[in-house]
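The values are calculated or read from the model by the stated rules, or taken from the named source; none is laboratory data. Worth saying up front: this structure is predicted, and the values here are computed from it rather than measured. For neighbour counting, all protein chains shown are included, and Cβ atoms are generated from backbone atoms with ideal geometry for every residue, glycine included. The accessibility values were calculated without ligands, DNA or RNA, using every heavy atom of the protein model including side chains. Shrake-Rupley method; radii C 1.70, N 1.55, O 1.52, S 1.80 Å.
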Amino acid sequence: MTDHRYSNVVDLFTGEPIETSASRRFIRLSPELDGLEMLYSNSSSGSDLYSLKILCWGLRANGEIVGLVPWLNSIVPCPEIKDPLDGRFEGYYDPGIEEIFQEPPIHKIVELETAAEYFEYESSKAEEVLQEIPDTIGTHAVFMDDSRENLTLTEVVSWRLYASGEIHGMLIDHDHVETTPVLPGDLCLYPAQEAREFRYFFQHHIANKIKSEDPEALAAIAALVTAP
């Protein structure tokens with residue numbers, strides 16, 4: 001099996017490999033289809049833990065595999081959520097057997113490494129699309145106009161992995177829809193993160209609360225959009 005680690009760059013004094021941005025970029029994604037979740041806590045939760053559905057698992061060029069979740073205005077590796085105020089990663093969770101674990105499941109490791117070996121391809125163009133997977137957890141993008149008075153929620157259709165390692169949530173531009181249903185890879189899709197009025201990603205249960213004008217959800221949104 002091909003080794004994706006960048007081990008030929010070493011520290012002159014220690015002789016240890018140096019991690020580079022290129023070695024940490026994502027090169028392959030695998031959707032999470034069995035309902036596994038990420039557990040997190042924050043400064044106000046005490047001993048309570050909260051959960052978010054994992055969107056997918058990602059393989060970095062250095063061989064590391066992590067779960068990924070939409071978090072605030074981007075998609076974030078679960079172990080990198082370390083802000084004690086907004087959230088801190090506590091582990092992965094299988095609600096079916098109520099088990100908490102710290103490492104990706106072995107079947108996802110095998111799947112990603114095997115797929116990366118089979119599809120191994122190096123692109124010199126950062127904007128080239130390597131892969132696109134459907135959104136399976138009901139993610140919505142939240143838009144707010146400059147006056148911060150009008151709120152719009154739009155369903156995310158898919159997630160597009162670029163050769164640069166960036167992952168963008170893809171939304172429908174309804175002015176350019178030619179056929180339905182709109183599927184991943186359709187030409188009418190555009191990246192949420194590149195839209196000027198884009199603010200945050202939310203999973204479907206929060207989005208539904210916002211749509212139903214739940215007071216707590218609206219208060220949370222107001223706090224987010226007015227934050228400096």
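Give the residue that is surrounded by the fewest Cβ atoms within 10 Å (Cβ to Cβ), with candidates limited to residues of the stretch 131-140 that are outside any loop (DSSP other than H, G, I, E, B) and at pLDDT 95 or above.
Applying the first criterion (outside any loop (DSSP other than H, G, I, E, B)) to the stretch 131-140 yields 131-134, 140.
Remaining after also requiring at pLDDT 95 or above: 131-134.
Details: Gln131: 19, Glu132: 20, Ile133: 17, Pro134: 14.
If we take residues in the stretch 131-140 being outside any loop (DSSP other than H, G, I, E, B) and at pLDDT 95 or above, then Pro134 is surrounded by the fewest Cβ atoms within 10 Å (Cβ to Cβ).
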Margin query: Which count do you get for residues in the stretch 90-124 that are hydrophobic (A, V, I, L, M, F, W, C), in contact (Cβ under 8 Å) with a residue 24 or more places away in the chain and either open to solvent by 70 Å² or more (accessible area, probe 1.4 Å) or not in a helix (DSSP H, G or I) (or both)?
Written below: 2
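Just for strands (runs of 3 or more DSSP E) wholly inside the stretch 141-204: which have at least 2 residues that are at pLDDT below 95? Walk me through it before giving the result.
Details: elements: 151-155, 158-162, 167-172, 189-191, 198-202.
Ranges flagged: 151-155, 198-202.
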Note to self: Of the conditions (1) surrounded by 11 or more Cβ atoms within 10 Å (Cβ to Cβ); (2) of a type in the set (S, T, N, Q); (3) modelled with pLDDT under 95, Thr226 satisfies every one except a single condition; which number is it?
What the structure shows: (1)
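Return the residues of the stretch 41-87 that are of a type in the set (S, T, N, Q), free of Cβ contacts under 8 Å to residues at least 60 places away in the same chain and open to solvent by 70 Å² or more (accessible area, probe 1.4 Å); say none if nothing qualifies. Please lay out each step first, then the result.
Taking the stretch 41-87 as the starting set, the residues that turn out to be of a type in the set (S, T, N, Q) are 41-45, 47, 51, 62, 73-74.
Checking the rest, the ones that are also free of Cβ contacts under 8 Å to residues at least 60 places away in the same chain come to 41-45, 47, 51, 62.
Ser43, Ser44, Ser47 - these are the residues of the stretch 41-87 that are of a type in the set (S, T, N, Q), free of Cβ contacts under 8 Å to residues at least 60 places away in the same chain and open to solvent by 70 Å² or more (accessible area, probe 1.4 Å).
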